[in-house]
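The values are calculated or read from the model by the stated rules, or taken from the named source; none is laboratory data. As the structure is a computational prediction, the values presented were derived from the model and not from experiment. Glycine gets a Cβ as well: all are built from the backbone with ideal geometry, and neighbour counts include every protein chain shown.
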Amino acid sequence: MTILTWKQSRNLENSLIDFLQSQISTDSLKLLDDNGNQVTPNVYRGKQLKEDWNLPLIQLYCDDKLLPRLEIGSNLRMKTFLIFLEIRTLLPGQETDLADWIEEKLNNGCDYYTYTVSGDPDNPTKNLAGHINIDFSSSNPVNFGDDVDKFDKYRYRTVLKVWVNKKI
């Protein structure tokens with residue numbers, strides 16, 4: 001029997017989440033809530049928004065991948081992934097500020113890890129396996145109007161095109 005391990009898509013998501021959480025902690029990043037209290041942005045993985053997630057948040061997920069051949073006649077592929085970052089905040093303008101902060105932090109890429117799950121999936125072992133290179137495909141506010149729930153009121157979407165240079 002073979003147990004399927006985490007593959008490159010999930011390793012990319014987790015590496016980016018680890019990097020963003022580390023940067024939030026290093027910078028002691030805070031945003032204001034609608035009562036003027038300082039709150040730390042949360043980072044979540046998943047395409048579907050969950051009701052127990054707390055604002056402000058960065059939602060991250062791998063949505064698509066491209067697998068062009070490196071050269072004619074070769075089975076080697078240049079794997080490129082599209083990663084979506086959905087930024088959701090409580091106050092107007094914060095979504096744009098947080099997007100700018102993320103773009104600045106991710107500009108040079110970040111470390112790529114492979115994760116091994118043995119027993120507890122919430123505590124995988126990680127091993128440095130390369131570097132994530134990033135191109136910003138798009139970065140735009142998402143405006144659904146004023147008559148929306150709190151998760152969509154102040155929203156911003158950044159799309160990353162990423163690929164991995166593996167550690168030699």
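With respect to the conditions (1) under 19 Å from VAL142 (Cα atoms); (2) assigned to a loop (DSSP other than H, G, I, E, B), ASN75 falls short on a single one, namely (1).
So in the range 131-146, with the set limited to residues that are buried (at least 16 other Cβ atoms within 10 Å of the Cβ) and among the aliphatic types (A, V, I, L, M), which one is farthest from GLN8 (Cα to Cα)? Residue satisfying both the conditions and the ranking: ILE134. Of all the numbered requirements in (1) outside any loop (DSSP other than H, G, I, E, B); (2) free of Cβ contacts under 8 Å to residues at least 12 places away in the same chain, ASN123 misses one, and that requirement is (1).
Restricted to the range 147-166, and to residues there that are loosely packed, with under 12 Cβ neighbours inside 10 Å and outside any strand (DSSP E or B), the residue that is modelled with the lowest pLDDT is ASP147.
Against the list (1) within 15 Å of the chain's Cα centre (by Cα); (2) within 21 Å of LEU12 (Cβ to Cβ), the condition LEU128 fails is (1). The number of residues in the range 24-65 that are among the acidic types (Asp, Glu), in a strand (DSSP E or B) and either over 14 Å from the mean Cα position of the chain (by Cα) or surrounded by 12 or more Cβ atoms within 10 Å (Cβ to Cβ) (or both) comes to 1.
The condition of being under 21 Å from TYR61 (Cβ atoms), of a type in the set (Phe, Trp, Tyr), outside any strand (DSSP E or B) and touching a residue at least 40 places away in the same chain (Cβ under 8 Å) does not hold for PHE144.
Give the residues of the range 107-130 that are buried (at least 18 other Cβ atoms within 10 Å of the Cβ) and out of contact with any strand residue (DSSP E or B) (no Cβ under 6 Å at 6 or more places or on another chain), sorted by residue number. Passing the criteria: none in range.
Checking the structure you have, find out if any residue of the range 91-106 is touching a strand residue (DSSP E or B) at 6+ places or on another chain (Cβ under 7 Å), among the acidic types (Asp, Glu), modelled with pLDDT of 95 or more and over 21 Å from ASP152 (Cβ atoms). Yes, the range 91-106 contains a residue that is touching a strand residue (DSSP E or B) at 6+ places or on another chain (Cβ under 7 Å), among the acidic types (Asp, Glu), modelled with pLDDT of 95 or more and over 21 Å from ASP152 (Cβ atoms). From the list LYS126, LYS79, the lone residue that is more than 21 Å from GLN23 (Cβ to Cβ) and either among the β-branched types (Val, Ile, Thr) or in contact with a Phe, Trp or Tyr (Cβ under 7 Å, 6 or more places away or on another chain) (or both) is LYS79.
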